Structures are given as C-alpha cells and as structure tokens.
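The values are calculated or read from the model by the stated rules, or taken from the named source; none is laboratory data. The structure presented is a predicted model; accordingly, all values stated were derived computationally and were not measured. Cβ coordinates were reconstructed from backbone atoms using ideal geometry, including for glycine residues, and neighbour counts include every protein chain displayed.
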Amino acid sequence: MLITRLVLSSAFVLLQISKKRRSLSPPPDIIIFTDGSVKSSPPRSTCAIFIPVLNCSKSWLLSQGSGIFTAELYGILKALETIYALDQLPPCIHIFSDSSSAIKALSSPKSPTHSCISEIKNLLNCLLSSGTKTVIYWIPSHSGITGNEIADNLASDESDPPSRSLIENTLSTGELISSSKHSWGKSLLAHLHNCKKPCVQMRAKPGLILWHHSKDRATSTCLHRLRNDHNHLNAFSHRIDQDADPSCRLGCPAIESTKHVLIDCPTHHAHRLNLIRFFNLNCLPLNPQTLLGLDPSISPKTQFKINNLLSSYLSKTGLRFIA
Ligand SMILES: [Zn+2]
C-alpha cells in the first residue's frame with residue numbers, strides 16, 4: 001500500500017513539473033497515425049488512431065455497410081476530435097494516413113459529397129482558429145511503418161466482437177445502394193439454392209463465374225447446356241421422348257450422357273489426352289463436375305486452365321455444335 005502511495009505521489013509531482021514546463025514552452029507538434037478497416041465476414045467496418053506522444057490508441061466500430069473510404073475518413077475525424085479535446089493545443093499536428101482517396105477528397109475544392117468530409121473540414125478550421133495547423137500525409141500501407149502498423153492492428157482488432165466504441169454514422173448514398181444490392185444478392189441466392197442443380201448449388205454469390213465462359217459463343221452455350229444437363233445429347237432427348245434412342249450416336253452401346261461424351265466415349269479419346277494429362281499432373285479427379293468447373297474448392301487459376309482445355313476438346317470433337 002505504501003509503495004502504491006509513493007508511486008502515486010511521484011506521479012503527481014511529475015505531472016506538476018510537466019504542467020509547469022508546458023506553461024513555459026509551447027507543446028511540441030503531435031504525430032498521429034490513422035487507419036480504417038472493412039471486413040466482410042462478419043461484415044464490420046472500423047477505424048483507429050494511434051498518437052505515440054500521448055500514448056493514445058483508440059478504435060471504433062462504424063455502422064454496418066460503411067465502406068473503406070468512410071472508415072478512413074472517420075479515422076482522420078477521430079484524430080482531429082481527440083486533439084481538439086486537449087487542454088493545451090499543439091502548434092501543428094501531422095496526420096499520417098494510408099488512404100490516398102480520403103486525402104484527395106479532403107484536398108478537393110469541390111463541395112463535399114460525404115458528410116464526414118464536411119465535419120473534418122469544419123474541425124480543421126476550428127483547430128486553425130485556435131492556432132493549430134494540420135498537415136495530412138499519405139503513407140503506403142503494410143510497408144513496415146510502425147505507427148501505421150499499430151493503427152492497422154487496432155482497426156483490425158476492433159473488427160472482432162465485442163466492440164467498445166461505436167460510431168453511428170449515416171451511410172452515404174453509394175453505401176446504401178451497395179448494402180441493398182448485397183442483401184438482394186443474398187436473398188436471391190438463398191432462393192436459387194432451392195434448385196438442386198450442381199451449377200446453382202456451387203454458387204457462393206450471384207453474378208458471372210468467369211471460368212464458366214469461353215471466348216467462343218457456341219462453346220459457351222455448349223458448356224452452359226452440359227452444366228445444367230439440358231442439352232442436345234441423346235440421354236436428354238430420351239428423357240423428353242421415351243421413344244428416342246438414348247445410345248451414343250457414334251456407335252457405342254453406351255448411353256450418350258454428359259459423362260460419356262466428355263470422359264468415356266472411345267471415339268474422342270485422342271482429343272482427350274491433353275485433359276487427362278493435366279488432370280493426372282494436378283491430381284484432380286476426372287469427372288463431369290470437375291471438368292465443367294463445378295468444384296468450388298479448385299483454385300480459379302486451375303479452373304481457367306481446365307476451361308481452356310475443355311473448350312479446345314469441345315471444338316476439336318465438334319461437340320460444341322452437337323451438345
Ligand atoms: Zn460414344
């Protein structure tokens with residue numbers, strides 16, 4: 001207990017000396033690092049500030065749907081608010097941000113389109129009227145600048161619940177549109193997943209799957225038909241009309257299914273060699289799902305290579321006009 005009191009007492013003395021010194025000489029310039037962060041899962045937008053000389057590390061959680069531009073701007077705004085709340089203002093503050101778009105927007109003479117820009121400009125003027133100049137610098141992110149790394153970590157850590165400090169910011173028009181699009185996409189996907197087809201089930205988000213397409217329109221159409229199993233192959237014709245012959249048109253006794261034309265039909269074996277070689281080399285299972293780009297666990301780079309080889313196969317075999 002005695003030690004604690006002594007420590008407190010000396011801390012008090014130090015504080016007194018410090019205050020005295022402050023009154024004799026102007027406080028030094030203050031350096032601040034700010035950062036913003038947006039994570040998609042779970043969706044959380046955060047901002048943070050780090051002021052080494054004040055030993056100040058703070059972070060905030062923003063309204064859901066806030067973009068990275070907003071998060072970066074709020075980092076700068078919170079830095080200015082923190083300084084403005086000090087008893088004794090410094091002659092100059094130096095803010096370091098890794099957001100060139102935020103700095104560009106702040107230096108633009110055009111009317112602000114984002115409410116946070118107006119708040120920042122207002123606070124910059126208030127600080128200037130009180131004798132504090134503000135300089136904002138751009139620094140590259142993730143390049144080993146300690147202050148930036150600390151601010152980055154603070155913002156990232158704030159992304160993990162629970163959050164202590166909240167900013168209930170109003171979303172900009174762009175953020176509202178993006179947020180609506182996102183929830184519309186999620187509900188559309190949930191509805192589509194009622195369909196049991198593998199080409200729908202494998203989708204994690206709506207929109208184009210780039211490796212599902214080919215430069216050649218006929219090949220793209222053929223790939224689409226093979227994927228959804230509604231095609232011109234005899235197996236499908238037989239499903240529509242029970243009198244139609246389902247066997248391979250090239251003389252095999254087998255059913256002319258997607259698997260048969262892509263993997264089993266002996267007539268196309270020579271054209272299939274490049275595909276077989278690639279699949280063996282990459283230890284991939286040669287089946288219609290993998291061939292048609294329906295296995296989401298395969299990397300996009302490999303999916304594009306498979307798609308190119310399959311497109312070439314469909315072209316050489318003439319299947320792009322048959323299937
Ligand atoms: Zn055949």
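Taken over segment 234-262, residues that are touching a strand residue (DSSP E or B) at 6+ places or on another chain (Cβ under 9 Å) and touching a residue at least 24 places away in the same chain (Cβ under 8 Å) amount to 1.
Among the residues in segment 178-194, are any at pLDDT below 85, among the basic types (Lys, Arg) and outside any loop (DSSP other than H, G, I, E, B)? Step through it out loud before you land on a result.
Residues of segment 178-194 at pLDDT below 85: 178-194.
Now narrow it down to the ones that are among the basic types (Lys, Arg): 181, 186.
Cutting the leftovers down to outside any loop (DSSP other than H, G, I, E, B) gives us 181, 186.
Yes, segment 178-194 has at least one match.
Here the condition is being assigned by TED's automatic domain parsing to the domain that holds SER115 and more than 16 Å from the ligand (Cβ to nearest atom); of SER165, SER220, it holds for SER165 alone.
Can you say whether SER130 is exposed (fewer than 12 other Cβ atoms within 10 Å of the Cβ) and in contact with a Phe, Trp or Tyr (Cβ under 9 Å, 6 or more places away or on another chain), as far as the supplied structure shows? Here the answer is yes, as SER130 does meet what is asked. Name the pairs whose Cβ atoms lie under 6 Å apart, with the first residue in segment 64-91 and under 16 Å from ILE103 (Cβ atoms), the second in a loop (DSSP other than H, G, I, E, B), and 6 or more positions between them or separate chains? From residues that are under 16 Å from ILE103 (Cβ atoms), the pairs are GLU72/SER99. Apart from one condition, ARG203 fits all of (1) among the charged types (D, E, K, R); (2) in a loop (DSSP other than H, G, I, E, B); (3) modelled with pLDDT of 90 or more; the exception is (3). Taken over segment 308-323, the residue count meeting the criterion of being in contact with a Ser or Thr (Cβ under 7 Å, 6 or more places away or on another chain) and at pLDDT 90 or above is 3. Applying the criterion of at least 3 residues that are among the hydrophobic types (A, V, I, L, M, F, W, C) and under 27 Å from PRO162 (Cα atoms) to the helices (runs of 4 or more DSSP H) found wholly in segment 34-150 leaves 68-84.
For segment 60-72, indicate whether the set of residues that are touching a His at 6+ places or on another chain (Cβ under 9 Å) and surrounded by fewer than 21 Cβ atoms within 10 Å (Cβ to Cβ) is non-empty. It would help to see each step written out before you state the result.
Within segment 60-72, the first condition is being touching a His at 6+ places or on another chain (Cβ under 9 Å), and the residues that meet it are 65, 69-70.
Narrowing the set further to residues that are surrounded by fewer than 21 Cβ atoms within 10 Å (Cβ to Cβ) leaves 65, 69.
Yes, that holds for at least one residue.
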